[in-house]
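Taking it in order: structure first as structure tokens, then the write-up.
Rule-based calculations on the coordinates, nothing more; no lab input. Please read all numbers here as calculations on a predicted model, not as lab measurements.
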């Protein structure tokens, strides 16, 4: 896999991993890892659509960069140490509704990166930003009930399962329920500082 050798900004996740803004600067590496994980991503996310072309990926990353500047999204890639830079192994992001003081988070990981705590570390950094500088009151996760690893991570991070959206996800095999998990700023601050 390609490595990302330079980025204007990285957020460390310990000595072995970083968060990198999802912008066109990482388009080739991001496209490669996204395509390698396309089936894994669409297993849980029916909105991923058709497999993107390199130009689709570049356009999507440009939109993500603009949304970051506008304050409506926090789009990040997860990178692990590799010779000469960082190897992208996933993505974490936050859709922001500033007026409501809320956000909806999501993530995905390459199979090679699972079981190392990367998703939890990336989500923790995202939540620190959401409830710190962004000043959000609430963050949601929406998870397919069959996605037990994501459900476990949500509970580990202090999210509360709040409800079920019945048949809310349209997959090729039919309609799936979607679980809604919520976390409030005071709960995150209490868990991390108390």
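Considering only alpha-carbon pairs that sit under 8 angstrom and 6 or more positions apart, the relative contact order computed for the chain is 17 percent. Every helix of 4 or more DSSP H residues in the chain counts as -39500 (n - 2.57), and over all residues that averages to -10500 deg cm²/dmol at 222 nm. Taking only the Cα atoms of the stretch 1-129, the radius of gyration and Dmax are 13.8, 43 Å. Any chance you could check the Cα centroid distance between the stretch 128-160 and the stretch 49-124 for me, in angstrom? Their Cα centres are 15 Å away from one another. Here the alpha carbons of the stretch 86-194 define both size measures, Rg and Dmax, at 14.3, 45 Å.
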